[in-house]
1. Sort 261-267, 124-130 by the packing proxy (mean of other Cβ within 10 Å over each peptide's residues), most packed first.
2. Can you sort His192, His218 from fewest to most other Cβ atoms within 10 Å of each residue's own Cβ?
3. For a quick check: with amide H placed at 1.01 Å from N, whose amide H comes under 5 Å from Tyr249's, ignoring anything fewer than 5 positions away on the same chain?
4. Highest mean first, what order results for 270-282, 81-93 on Cβ atoms within 10 Å?
5. Amide H neighbours of Val124 under 5 Å, at least 5 residues apart or on other chains, H built in the peptide plane: list them.
6. Select from Leu49, Gln185, Ser103 the residue farthest towards the positive end of the dipole of the chain; place +1 on Cβ of Lys and Arg, -1 on Cβ of Asp and Glu, and compute about the Cα centre.
7. Using Cα springs under 10 Å in a Gaussian network model of the chain, which residue among Glu12, Glu233, Glu200 shows the largest mean-square fluctuation?
8. Cross-chain or 8 or more residues apart, Cα under 29 Å: how many lysine pairs in the range 108-288 fit that? Count them up, please.
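Values quoted throughout were computed directly from the atomic coordinates according to the rules given, and no laboratory measurement underlies them. Computed from a prediction, not measured in an experiment: that's the story for all the values here. Cβ placement follows ideal geometry from the backbone for every residue including glycine, while neighbour counts extend to all protein chains displayed.
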Amino acid sequence: MQKCTIEAVDREELTENHFIGLHEVMQDMWASETWLGELAQCNDCGKMLSKENVFWHLSEELIQRKVTNIMQILWIDSVPCAICSSDNTRLIYGPDNIERIKSRILDSVDSFIILCISEKQEIVGFNEGYIDSLDRIFQLDLHDQYKDIGLPEIKQRVEKALGYTPKEILSMSTMGLLRPYRSFQNLFKMIHEYALVLPESRLWMPGIVEYDRGGVTHRMNADVQRGISLGIEDDPILRAKMTNAGETYNWDLIVYPDVVAMQKDFFSKDIRHYFRMLKKQSTSKQIIQ
Ligand SMILES: [Zn+2]
């Protein structure tokens, strides 16, 4: 396991290099088959290409590097299609994504960014959160998958779960860590730093997040028992309306009535505190039952 330092960075302190670094980690994360396997799409045969499809011939050591590093080493600026060998492909997250990330961070009502920095001073992971109106969060974070389900349906479910219409909501968006740095300790540290950076003044603010049901963070959500699933993926009619979601896509859109308080309760101290909180939770639940 390689070492990295994990710390919160104020959005005013972010430089162009930070935005590029965030883009590179994001691109790599989605490109890998352990996530969505979306590195590029072939314009000729339409096939979606994963990092492993394109770079299958590389050594284990080399394929663990970021896509941008691999492309620099191979001296290429587009990737070939693994199916039809065409060079006419487009990167799903190309360099234009840098501007998108920048505007997301700088134009939101508030942003919370945790960075994992390697010993070589490169960004190797991040955790992000944004405060915005639900309308804006829908456009920026949910539109790709939920556009045919529509904002009114999501809004109605959020209102039902919370019991009111939130003016602003915290979108917990994405969290990513390159493979050589992936460990439960690092993951926990990222969530811990995030819990510390969320403002006390927003303790009762609601949150929205989409979890991969197979992932560690979804399991942690189930353990803390504070999130409410919107039930979209469990409704066959709505599930059928999801776009850009493959058959194996099994995520869960969840709202938290008090996301900042929840984060601080569970993650503002060390791992032992977290496990003690879980134990307390299951004990109090038994008493209620
Ligand atoms: Zn092709």
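1. 124-130, 261-267
2. Fewest-to-most ranking of His192, His218: His218, His192.
3. Distant-sequence amide H within range of Tyr249: zero hits.
4. Values: 270-282: 13.1, 81-93: 15.6.
Result, highest mean first: 81-93, 270-282.
5. When sequence neighbours closer than 5 places are left aside, the close amide H contacts are Cys116, Ile117, Ser118.
6. Gln185
7. In this elastic network of the chain, the residue with the biggest mean-square fluctuation among Glu12, Glu233, Glu200 is Glu12.
8. Counting lysine pairs in the range 108-288 gives 26.
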